[in-house]
Protein chains: 2
Amino acid sequence: MATGRTHRPATRSRGIPEATVARLPLYLRALTALSERSVPTVSSEELAAAAGVNSAKLRKDFSYLGSYGTRGVGYDVEYLVYQISRELGLTQDWPVVIVGIGNLGAALANYGGFASRGFRVAALIDADPAMAGKPVAGIGVQHTDELEHIIESNGVSIGVIATPAGAAQQVCDRLVAAGVTSILNFAPTVLTVPDGVDVRKVDLSIELQILAFHEQRKAGEEAGPDGGAPAAAARAAAAVAGDRKGPDGDMPAVMPA
Amino acid sequence: MATGRTHRPATRSRGIPEATVARLPLYLRALTALSERSVPTVSSEELAAAAGVNSAKLRKDFSYLGSYGTRGVGYDVEYLVYQISRELGLTQDWPVVIVGIGNLGAALANYGGFASRGFRVAALIDADPAMAGKPVAGIGVQHTDELEHIIESNGVSIGVIATPAGAAQQVCDRLVAAGVTSILNFAPTVLTVPDGVDVRKVDLSIELQILAFHEQRKAGEEAGPDGGAPAAAARAAAAVAGDRKGPDGDMPAVMPA
DNA sequence: CCATCTTTGTGCACGCGTTCACAAAGACAT
DNA sequence: ATGTCTTTGTGAACGCGTGCACAAAGATGG
């Protein structure tokens, strides 16, 4: 029983590295755009630029799928769209349930990017009885009591958790017990799941904190190697200097410099 | 001018590895929970379990920040909360603007996880004149025309893009030109930014596609080493077998097995 | 049929991240 | 003060991911 694995530990899923799998949707998006413009073929260089990656990396990624290119020409757009879609499992229909229809859950239900990729929102589930029956994004919200029934009768294997943090683990347990084996978690909690269940986490607050770290670092580089600091960075730098006291009064004695 | 860098290439920001920085918010969350329960100290083992990581990794991560633990005892919770907060730059106030107040933008504006971490939503911006003045999450929406003015007068250095894909690059360019140096992008596009600007991407559709890949793989393992496949996995396996034809009629001749 | 040119596919080297395993350090009891 | 016990901090090994650089492959023109 692994504790809160975020993505597959290190196991190559079938010879395809995890890092490559994570980029396939990126390539697919770029290819779809080319397909809509009726572009017949692309070189690795062009496609890499469109997807925002290195061309060597792209070629290596594709090499894991097989030899789908033609030397001297490039890749057939339509064919590659099909191959990547198939590899990602997007040629079949994936029923998905969203649990927790608050602001975020409703936004997810309305998000158009799901249907276009073979993901079908099979049900919206919320613990609030007042929500039951209310239509969100054209689908009636159902009560948590029916969770197991919904999962089983629709053959749902992918669940999206958009509940408050406190309810997430409990919802997760019920989803897994009912047969869900992949979970996309928006709640700010570490989920514990049994082996064989995949969890991916999306945390808005964490992403912002990472940005803040880099932002602070940029602001602290005023006396950097070259005066390359953007205008706005210096402005915010004032507040950071003071060694402000902790939120709860006094700090332990050991204070490194 | 780098094309669509998603996160810092490989440059250690100041001796602190990028992977470690990405985990600091995780530790911080676990520590905050402990702090609220008035727990005075934690061992690396306990904290690692709470954060869902390996204890050795956690200790190594903390070692990059300095020697903040006490051997034989563990880490002082309050002190560590303070140190990590400071390292992440959360002891200062970060004004943030959200551009694109649709379903997702509104959900983000209402998200409570921002304010509690020192992120203050300074303004909501939308291109739709009909939205102007409308209050969302207690803040009046402002028109895109005022974007530059808002950024500059508030000293905003972090921007959140929640617009449709088509508008994202244009909004990004304006944000950067006005002085924003960190961007959190929810639009399904690769953003091109000048050097010195950090972009982090959150893409709901991509996360689901990655889950679908693993889900498909699990379903295809019916004849696996041991009958350990979950109940629901087998159910969906029926559809995957048939070598269904591509969306646009015929495929190129070369068809590997 | 041959030469040339373009672009793929990949062997190889390098660096980052993870994990193990243990020595050093401090707390605590005697 | 000394010994024991717990837990940190880190040296070292390993594996994955990335990028370079080039040979192989095919298209194209003469």
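Only the coordinates and a few stated rules stand behind these numbers; no lab work does. Treat the numbers as computed from the prediction; the structure is a model and nothing was measured. Cβ sites come from the backbone with ideal geometry, for glycine too, and all protein chains shown count toward neighbours.
Things worth noting here:
- Counting from the shortest, the label point at residue B:170, 7 Å from Cα toward Cβ, is 4.7 nm from the same position in each remaining copy.
- Chain A residue nearest the rotation axis toward B, with distance: A:107, 2 (Cβ to axis, whole Å).
- Stokes-Einstein D (µm²/s) once Rh is taken as the Kirkwood radius of the stretch A:101-204 over alpha-carbon pairs, at 4 °C in 1.567 mPa s: 93
- Within the stretch B:44-73, the trypsin sites (Lys or Arg not before Pro) that combine a DSSP coil assignment with at most 16 other C-beta atoms in a 10 angstrom radius are B:71.
- Structure note, pairs A:218/B:134; A:60/B:60; A:201/B:134; A:57/A:201: Cα-Cα distances above 29 angstrom occur for A:218/B:134; A:60/B:60; A:201/B:134.
- Percent of beta bridges antiparallel (DSSP, the stretch B:78-194, rounded to nearest 5): 10
- Taking the number of Cβ atoms within 10 Å of each Cβ as an exposure proxy, the fewest-first ranking of B:218, B:201 is B:201, B:218.
- Couplings for the stretch A:50-66, taken from phi via the Karplus curve 6.51 cos²θ - 1.76 cosθ + 1.60 with θ = phi - 60°, read 5, 8, x, 10, 6, 5, 5, 4, 4, 5, 5, 4, 5, 5, 6, 7, x Hz in order; Gly and Pro are left as x.
- Position residue B:33, label points 7 Å along Cα→Cβ, spacing to each other copy in nm (shortest first, one decimal): 3.9
- Percent antiparallel among DSSP beta bridges (both partners in the stretch A:1-151, rounded to 5): 40
- Under the simplified labelling scheme, the residue B:177-residue B:120 pair shows an inter-label distance of 2.8 nm, with each label point 7 Å from Cα along Cα→Cβ.
- Alpha carbon convex hull of the stretch B:37-123, projected area averaged over orientations, nm²: 7.2
- For the stretch B:123-130, Karplus couplings with θ = phi - 60° (6.51, -1.76, 1.60), whole Hz, Gly/Pro x: 6, 10, 10, 9, 7, 7, x, 5
- Sorted by Cβ density within 10 Å, fewest first, the residues B:99, B:160: B:99, B:160
- Antiparallel %, DSSP beta bridges [both residues in the stretch A:46-130], to 5: 25
- Three-way shape call for the stretch B:130-184 based on the alpha-carbon gyration tensor, with the a/c threshold at 1.5: oblate
- For A:46, B:36, A:207, order by how many other beta-carbon atoms lie within 10 Å, fewest first: B:36, A:46, A:207
- If you take all other residues with their beta carbon under 15 Å from the beta carbon of residue B:173, and give Lys and Arg +1 and Asp and Glu -1, the sum is -1.
- The other copies place their residue A:146 label points at 4.4 nm from this one, listed shortest first, where each point is 7 Å from Cα along Cα→Cβ.
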